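> I have a structure I would like to understand better, so I am pasting it below and will then ask my questions one at a time.
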Number of protein chains: 2
Amino acid sequence: MNVNPIQLFDAESSTYTYILAAPGSNEAAIIDPVDHHWERDLAHIERLGLKLAYILETHAHADHVTSAGKLRALTGAMAAVPSGCGISPAELQLRHGDVIRFGAGEEIAVLHTPGHTGGSMSYVWRDNVFTGDTLLINGCGRTDFQSGSAAALYDSVMNKLFRLPDDTRMWPGHDYKGQSVSTIGWEKRHNARLANRSLEQFVELMANLDLPRPKLIDVAVPANRNLGLPHGA
Amino acid sequence: MNVNPIQLFDAESSTYTYILAAPGSNEAAIIDPVDHHWERDLAHIERLGLKLAYILETHAHADHVTSAGKLRALTGAMAAVPSGCGISPAELQLRHGDVIRFGAGEEIAVLHTPGHTGGSMSYVWRDNVFTGDTLLINGCGRTDFQSGSAAALYDSVMNKLFRLPDDTRMWPGHDYKGQSVSTIGWEKRHNARLANRSLEQFVELMANLDLPRPKLIDVAVPANRNLGLPHGA
């Protein structure tokens, strides 16, 4: 049974934020909220009659700052983050295999999917997977900074994400073409970077992308390791 | 039980397109598709393993051109449009009270909600309502062209949309602030233009908005009355 999340967009960094709400309870979780949208995001929580239980991060982002610390202070929700990302103020330091429970029997399963960063996690909820910057629609995250590794990303995708059922809906951390959602089955067959490519071919492809350094990285990563709060706060 | 639609965005005209897909069948419907996104939208249908059964329009848009004719030709889906909008090539000319059936028992109920245009319709599917440009999140559509009428819009909202259950999720035809979804209950209590306002106050407010004429209106309306196809095609 597909229960889609609410998908919210930050046009500045092309980041997707997700609100997970399920039948039978008003408890909700939010994944990867963006700093300057905290009011918009709380307005969604309020309009939908929800109570925020968890704020999840897929990794310590380099292109935008999280609102996790702010939302935590305002709602009392708990911050749940990958244990390998150095986000020390978060209550819950997640490890592969953990399960987060909320609402009336809702479960979020935690998958460690390193590659974009060493600590990156993906989250599985019902028939949906939230892949952060590990797997994107018809693409994948870059692997050239923050303990990134093309070989690790290849392994995460092939041996974790692509082993989910084919009809699992895949919700990315970013999209630059107005695309909202894909499925694991489609990405397995068609993903331009990963489908029908060997580990060696993928590593070579990623080594030659020659991407510019993210403008915000020196500000965003330290800020995100503090849940987006000013240091000392 | 809330089964959210897939929500797609056109950044140029801030238009939302919706894909409605339901458990138990691969049949889907699409509401208000935008011309230059036809490939993106078909890619979503394909990636999700869906088959398009219906293409719905909420009205003859003045700010963008529909891809309904193109999608119809490529998928064999039927075009279903408000009977009062002059969109003559569509198979189904909808009237208030009609029900569109697809998938495994899915129903879309048709509400005539004039005001933004004389023919505008809203569509109710499960616990969701798609309000086109009649009701927007914390706002409403303009009423100063195409048989628009502030008094008619007020009546549509108060006597049709606001009589839906409070927890009905409300998905607008546009949003200019990155907002995705609201609920009927919230809009009843807080909508900046409509909540706690009399008919007279609302009509006066709308008469004084002094909005510029939509740039595309002379192209878009005739095009949309032909499902976005070139005339003569």
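> For the range B:53-137, run through the trypsin sites (Lys or Arg not before Pro) and keep only the ones in DSSP coil with at most 14 other Cβ atoms within 10 Å of their Cβ.
Of the trypsin sites (Lys or Arg not before Pro), the ones in loops of the range B:53-137 whose Cβ has at most 14 other Cβ atoms within 10 Å are B:ARG95.
> Which of the lysines could a cross-linker bridge to A:LYS160, judged by Cα under 28 Å and excluding same-chain residues fewer than eight apart?
Partners found: A:LYS177, A:LYS188.
> Okay, next question. What does the C-alpha gyration tensor say about the overall shape of the protein assembly as shown? Classify as rounded when a/c is under 1.5, otherwise prolate if a/b is larger than b/c, or oblate.
The shape class here is prolate.
> Quick one: Cα centre-to-centre distance for the range B:140-188 and the range A:174-188, in angstrom?
Taking the Cα centre of the range A:174-188 as reference, the centre of the range B:140-188 is 30 Å away.
> Could you point to the residue in A:HIS61, B:VAL81, B:VAL203 farthest towards the positive end of the protein assembly as shown's charge dipole, with +1 and -1 charges on the Cβ of Lys/Arg and Asp/Glu respectively?
My answer, from the dipole projection, is B:VAL81.
> Select the chain B residue whose beta carbon lies nearest to the rotation axis carrying chain B onto chain A, and write the distance in whole Å.
It is B:ASN4, 2, counting Cβ atoms only.
> Okay, next question. Put a label point 7 Å from Cα along the Cβ direction on A:ASN26, then list its distances to the equivalent points in the other copies in nm, shortest first.
4.0
> In debye to the nearest 20, how big a dipole does the protein assembly as shown give about its Cα centre with +1 on each Lys and Arg Cβ and -1 on each Asp and Glu Cβ? Mind showing how you got there, number by number?
Values: 40 positive and 52 negative charges, 63 e Å.
In debye, rounded to 20, the protein assembly as shown gives about 300.
> Now a separate question. Can you give me the distance in nm between label points at A:ALA73 and B:ARG163, each placed 7 Å from the Cα along the Cα-to-Cβ direction?
Each label point is offset 7 Å from its Cα along the Cβ direction, giving 4.7 nm.
> Can you pull out the chymotrypsin sites (Phe, Trp or Tyr not before Pro) in the range B:154-205 whose DSSP state is coil and whose Cβ has at most 15 other Cβ atoms within 10 Å?
Those satisfying the criteria are B:TYR176.
> Please state the shape class of chain A: rounded when a/c is under 1.5, otherwise prolate if a/b exceeds b/c and oblate if not, all from the C-alpha gyration tensor.
Verdict is oblate for chain A.
> I've got another one for you. Put a point 7 Å out from Cα along the line to Cβ at A:LYS177; what are the distances to that point in the other copies, in nm, shortest first?
3.2
> Based only on other Cβ atoms within 10 Å, what is the fewest-to-most ordering of B:ASP32, A:ASP63?
A:ASP63, B:ASP32
> For B:LEU74, which inter-copy label distances result when the label point lies 7 Å beyond Cα on the Cα-to-Cβ vector, reported in nm to one decimal and in ascending order?
Listed shortest first, these distances are 3.9 nm.
> While we're here: Can you sort A:SER88, A:SER180, A:SER67 by how many other beta carbons sit within 10 Å, fewest first?
Going from sparsest to densest Cβ surroundings: A:SER88, A:SER180, A:SER67.
> Same structure again: Counting other beta carbons within 10 Å of each residue's own, what order do B:TRP171, A:TRP38 fall into, fewest first?
Fewest-to-most Cβ neighbours within 10 Å comes out as A:TRP38, B:TRP171.
> If you place +1 on the Cβ of every Lys and Arg and -1 on the Cβ of every Asp and Glu, how big does the dipole about the Cα centre of the range A:6-208 come out, in debye to the nearest 20?
So the dipole magnitude of the range A:6-208 works out to roughly 300 debye.
Every number here is computed from the coordinates shown, using simple stated rules; none is lab data. In this text, all values refer to a predicted model and were calculated from it rather than measured experimentally. With ideal geometry, Cβ positions are generated from the backbone for all residues, glycine too; neighbour counts draw on all protein chains shown.
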